[in-house]
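A.B. asks: Please see the structure below; I have some questions.
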Amino acid sequence: MTWLETSTENCTVQRTLDLIGEKWSLLVLRDAMNGVRRFDDFRRHVGLSEAVLADRLRKLVAAGILETVPYREPGRRARHEYRLTGKGWDLWPVMIALKQWGDRYTADPEGPPLEVRHRDCGEQVGTVVVCAGEHGGPLVPREAYTRPGASAHTMT
């Protein structure tokens, strides 16, 4: 079965984009990964309407990417913070890859506005595709190929 013979009806890339592929969802995740937890802080920092933010947060919670944790400031009603789950943190390499691409192709002439650095040594963090085999190492696209997986279906 070739790529063009393979159905995309159950494509995991498409399913992932259905969950997080919308611009505002990715920006909410970016902020959550940088410590933002409260609704008003997301709204102010990301710059979107309350309705859109509430919708994106609801979807990310329903998908198990964020979870709500109750909190109460003295003299105020109980509210919820939004925290990344393990499933949400598993998207960190994706966000680093997007940032890395953006730093290379869309940054201001002076360079990127933010850097992500390794806590121990201070060097920049980056993503790379590696072979998962015993003698694995970094790969370039021509060193990999795509083949049908266990749930592949042919086009009808």
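Rule-based calculations on the coordinates, nothing more; no lab input. These numbers come from a predicted model, not from an experiment. Note: ideal-geometry Cβ built from the backbone for every residue, glycine included; neighbour counts use all protein chains shown.
A.B. asks: Find the helices (runs of 4 or more DSSP H) located wholly in the range 33-148 whose residues include 2 or more that are free of Cβ contacts under 8 Å to residues at least 12 places away in the same chain and surrounded by 10 or more Cβ atoms within 10 Å (Cβ to Cβ), and list them.
C.D. replies: 39-42, 50-62, 92-105
Listed here are the residues, each with its yes/no results for (1) touching a Lys or Arg at 6+ places or on another chain (Cβ under 9 Å); (2) more than 30 Å from residue 154 (Cβ to Cβ).
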position	(1), (2)
5	no, no
35	no, yes
49	yes, yes
57	no, yes
62	no, yes
78	yes, yes
91	no, yes
98	yes, yes
114	yes, yes
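A.B. asks: For residues in the range 22-32 being touching a helix residue (DSSP H, G or I) at 6+ places or on another chain (Cβ under 8 Å) and not aliphatic (A, V, I, L, M), which is surrounded by the most Cβ atoms within 10 Å (Cβ to Cβ)?
C.D. replies: Among those that are touching a helix residue (DSSP H, G or I) at 6+ places or on another chain (Cβ under 8 Å) and not aliphatic (A, V, I, L, M), it is 25.
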